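Read-outs throughout are calculated quantities, based only on the coordinates presented, and are distinct from any laboratory measurement. Model, not experiment: these values are computed from the prediction. We place every Cβ from the backbone using ideal geometry, glycine too, and count neighbours over all the protein chains shown.
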Amino acid sequence: MTNSVALRVDDSALRAGPRVAFTFDGAPLHGLQGETIAAALAVAGIAALGARRDGTQRGLWCGMGVCQECIVTVDGMPSRRACMTLIAAGMAVTTQGYAVSLPEPSARSTFSTPAVQQPQLLVVGAGPAGLAAARAAALCGVKVTVIDERAAPGGQYFKQVAKSHNVVAAERLDAQVRAGRDLIAEVERLGVTVLREATLWGAFGVKEIAVAIDGVQHVFAPDRLLVAPGVYERGVPVPGWTLPGYMTTGAAQTLLRAYRVLPGRRVLVAGNGPLNLQFAAELVAAGVDVVAVVDAAAAPRMRDIAWLLRAATSAPGLICDGLRYRARLRRAGVPLIHSSAVIAAHGEVRVDACTVARIDAAGRPIEGRSRRYAVDTVCVGYGFLPSNEIPRALGCRHAVHDGRGTLSTLVDGDGLSSVAGTYVIGDVVALAGAHAARCQGTITGYAVARSLGQPLPASVAREQRDARRALSRHLAFQRALWHLFAAPALDLQFATTETIVCRCEGVTRADIDHALASGATTSGAVKRRTRAGMGRCQGRYCAPLVTAMLPAAADSPRDELSGLAPRAPVKPIRIGDLA
Amino acid sequence: MHSDDVVADTDALVIGAGIYGCATAYFLARFGVETMVVDSGDVGAGASGANAGNLHLQLSPFSLANKNPEWIAEFAATLPFFMAALALWKRLEGELDCDIERRCPGGIMVAENEHQVTLLREKVALERAHGLSVEMVDGTGLRRLAPYIAPHVLAASYCPDEGMANALLAVVGLANGARAAGARMMLDAAVEGITPDSAGWCVYTPRGRIRCRRLVIAAGSSSAALAALAGVKLPLSHRVIQMIATEACTPFIDHLVYHAESRLTLKQVANGNVLIGGGWEAARDPVFGKPAVIADSIRSSLAVARTIVPRLAGASVIRTWAGPNIYTPDGRPILGPVRSHPRLFVAVCNTYGFTLGPLCGLLVAEAIAQRPASYDLAPFALERFTQ
């Protein structure tokens, strides 16, 4: 019965655009013009996108251009991210192995040093923080350029429906999309230059930001730099977590929200926090069989009422949303399983089942308290890690803020970091959600304008005061929210010796244990011995796990200099695009 | 713990857990000398963990360009030393308890114009006079030998004995070998003071004092500062240089590839990645002073690489890094006892340090253990600069 669910979602607000034909490993397929390769393949039921270093097939994992696992060869050009590359008519998509076959060289265009562009303000990241800052600065007459790696601005929260669909009834879009749509429209109306599909590959200094856009090199030397790159999802390794069909909640939500494509037909959502609840409710609304929502946090108890009330007073709208998600899941008969986690995924080429176990206060699975679920997709969201590679590369001071070695960029109330002219704002600094990020963006946008000597409009004082007030309300909400979702810190509790920790290089827990036993005491030493962190994602997923495995030597400081060095390229960059 | 407490007493103490220190300790321990290694960081955390892993023989006209004929003649006389170093690498591959990914498919130095062809011819003549197996290959021969090289390349010099090893694994292999032979390691212990005492030397670290009969300074780019603590001046200069790694590619570049007149070394390692270097200038970041790559060097380095190997245009760069490099005035290493300071030894290299590392370690260990020298140390004595 479940197989009858079409993987494309009908939406009365939208009309799908034209279909185009493409091939995948020679097989003819169709997709919608303007959707990504990943979305088109998901509709075709294809999850496995190629084998990696350990020989196992991989699929969509982060869905937002960070993990680099979904790379495919497009018209002979290797290593294009399926989650970021739009399909085009006649495109030949092929899977590739760990070692790529390079195409015959094409004629070389003349190499020249890229021209330097000097906007007054360069904003990196078109999410709520970046867009709000761009808007505020532009309102004061600042010349602003915004760059973003995705095909459309909005970031993860204001994610817009892709060009594959035309909006025919904007009023029927959900509020989150509409708010983003309005903000993007306002920013563009104010004359802000928004550069899409712009990959920042090197932050060599505030005055030397290297960006590739459609194969063309740009160097930005702005008067002020604002970095708002957001966060990416933390990886919690379990046996089978590299199986196609086992993906982050964010990846699955992008399929659904941006492309109106379902990640699967029988889905289990697991992890920790409200995003999973929201997404499970969205899946249910789209007709998906959600077999369970699993959260590592304990079920809310009476004594949490105070926190719930605190959350409700600071952001009543968000609490209502939360209650609505829960109600919808309850009506659909989706069990909410607390104090539990997915501890293994099973399957040959795609996940076909997973094991959920009750966990203790330290996050360890409790013997005999597990259950297996037949599924075709598992979505996991265990919270977020900061995308702080740019502020780290620029030399911004950071501090460890959570006992897990996670770095937080040190900034003042205006978002100014320790590096002159460099502002860092949004979730990358401290996870507080899209609303707080937007407020901070407004505050910082005006602060940038002021620092540039720009005359501020009369309305600014009030708007800034409102933003500060709203920001503190949202921060209070976040504190209350995460109290309600407080869970054991999960890292390697479910990883067996054979479980892969570094997904890119296929390095197992046993490999890392061996390196530690042979004398490695830092993440760098583990990297040099095992390759963990040497891959395309540059250690974004494994580095925190390796850090958790290091001996807790009292005299090894955990600061911005520990962990792996933040080096170019921030994202892989094709040699032909550079030189 | 008070740093004046004696925490260790050893016959030989080696400062530096890079390839020079680990090789010295490896051979010392195997000669039965009681040995300890101390380092401020981890095994191979400095230049040994950042270098390209080239097993290198050919002279580089590029780095000889501004040198006078006497300098070049003296440096060329070290070619047999390089050949001995490569023979030792082969021996080590069998001895060490890990795969160091040593492979010697030969090295190709390319010429794009007639001037460069002439440079290579002169270089080959000089190398052959010192016994190196090397020959000129014309365009047709080069296409047959290395079809991945760009068609506009006119000729190359080819040395069949050159190659590569995994620098990261080699230094760990030597460290593990040293441990297995009984050497001790004290890591994360920065040396803060060196004083002579009645029996030899006393070395101060935050973890306590180490007493030793013989002391070896083999600490790469920190060597000059450490030697200064003992009152010895090492004539070293420093640069920071950078490297680039591509994604893993199916095998298509067989050789170690260099250029007659541009900065380039390029090879495909066992894992499939292409490592691109050649001594491109890097910097130190202004905040923390750590080696940092610079954008112009990345672009220029890649432009040379893709001009010579056009297929690289389709490969993605996934990593870059920068590391320290040290230079001696005459390009030769400084090895052996410091005459003015009894029981003090040094083992530091010029650039090409990876190739020479194990042999330099062996020679210093032989000098300490008072064993017959495998190679005459006289040309490498520190005193050549002071006399």
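Of A:GLU348, A:GLU188, how do they rank once you tally other Cβ atoms within 10 Å and put the fewest first? If you can, show how the numbers build up before the last one.
Numbers: A:GLU348 9, A:GLU188 15.
The fewest-first ordering by Cβ neighbours comes to A:GLU348, A:GLU188.
Straight-distance candidates among the aspartates and glutamates for linking to A:LYS571, with alpha-carbon spacing under 18 Å and chain neighbours fewer than 8 residues away dropped: A:GLU69, A:ASP148, A:GLU149, A:GLU197, A:GLU208, A:ASP214, A:GLU233, A:GLU389, A:GLU505, B:GLU247, B:ASP296.
Sorting the Cα pairs of the protein assembly as shown by distance into bins of 10 Å, from 0 upward, gives 2, 11, 19, 22, 19, 14, 8, 3, 0, 0 percent per bin.
Report the extension gain between B:PHE385 and B:PHE288 in nm, rounded to one decimal, defined as 0.36 nm multiplied by the number of residues separating them, less their alpha carbon distance. Don't skip to the answer; put the middle values down first.
Numbers: separation 97, 0.36 × 97 = 34.92 nm, distance 3.36 nm.
This chain segment gains 31.6 nm when fully extended.
Grab the eigenvalues of the alpha-carbon gyration tensor for segment A:307-427, scale each by 5, take roots, and send me the semi-axes largest first in whole angstrom.
Numbers: eigenvalues 265, 104, 45 Å².
That gives 36, 23, 15 Å for the three semi-axes.
Within chain B, helices built from complete DSSP H runs that reach 18 Å or longer along their own axis (Cα positions) and carry a mean Kyte-Doolittle hydropathy of -1.0 or higher are B:79-95, B:114-129, B:167-180, B:295-308, B:353-368.
Could you work out [θ]222 nm for the protein assembly as shown from helices alone, using -39500 (n - 2.57) per DSSP H run of at least four and dividing by all its residues? Round to the nearest 500 deg cm²/dmol.
Working: 24 runs with 276 residues, N = 966.
For the protein assembly as shown, the value works out to -9000 deg cm²/dmol.
In this simple spin-label model, placing a label point 7 Å from the Cα along the Cα-to-Cβ direction at both A:ALA374 and A:ALA221 gives a separation of 6.5 nm.
Could you check how many percent of all C-alpha pairs in segment A:2-94 are farther apart than 15 Å? Walk me through the intermediate numbers first.
On the way: 2575 of 4278 pairs.
Percent of Cα pairs beyond 15 Å in segment A:2-94: 60.
For segment A:2-94, give the share of DSSP beta bridges that are antiparallel, in percent and rounded to the nearest 5; count only bridges with both residues there.
Values: 14 of 16 bridges.
Bridges in segment A:2-94 are about 90 percent antiparallel.
At q = 0.10 Å⁻¹ the log10 of I(q)/I(0) for chain A amounts to -0.86, computed by Debye summation with a single uniform scatterer per C-alpha, solvent ignored.
Estimated from the Cβ-Cβ distance and a Förster radius of 56 angstrom, the FRET efficiency linking A:ARG310 and B:ASP97 is about 0.40.
Approximating the spin labels as points 7 Å out from Cα along Cα→Cβ, the B:ALA73-to-A:ALA552 distance works out to 6.7 nm.
Cross-link reach is defined here as a Cα-Cα straight distance under 14 Å, omitting same-chain residues fewer than 8 places apart; for A:LYS143 the aspartates and glutamates meeting it are A:GLU188, A:ASP223.
By its C-alpha gyration tensor, with a ≥ b ≥ c as the square roots of the eigenvalues, how is segment A:246-382 shaped: rounded for a/c under 1.5, else prolate for a/b larger than b/c, else oblate? Oblate, because a/c is 1.5 or more while a/b does not exceed b/c.
Spin-label pair A:SER106-A:ASP10: with each label point 7 Å from Cα along the Cα-Cβ axis, the two points sit 4.1 nm from one another.
The reciprocal of the average 1/r between distinct C-alpha atoms defines the Kirkwood hydrodynamic radius, which for segment B:146-193 equals 15.4 Å.
DSSP assigns beta bridges within chain A; of those with both partners inside it, close to 60 percent run antiparallel. Scanning chain A for cysteines with no neighbouring cysteine C-beta under 4.7 angstrom from their C-beta gives A:CYS70, A:CYS83, A:CYS140, A:CYS320, A:CYS354, A:CYS379, A:CYS396, A:CYS439, A:CYS504, A:CYS537. Of all DSSP beta bridges in the protein assembly as shown, what percent run antiparallel (nearest 5)? About 65 percent, rounded to the nearest 5. For the pairs B:LYS67/B:LYS233; A:LYS163/A:LYS527; A:LYS207/B:LYS123, note any where the Cα-Cα span goes beyond 32 Å. Those over the limit are A:LYS163/A:LYS527; A:LYS207/B:LYS123.
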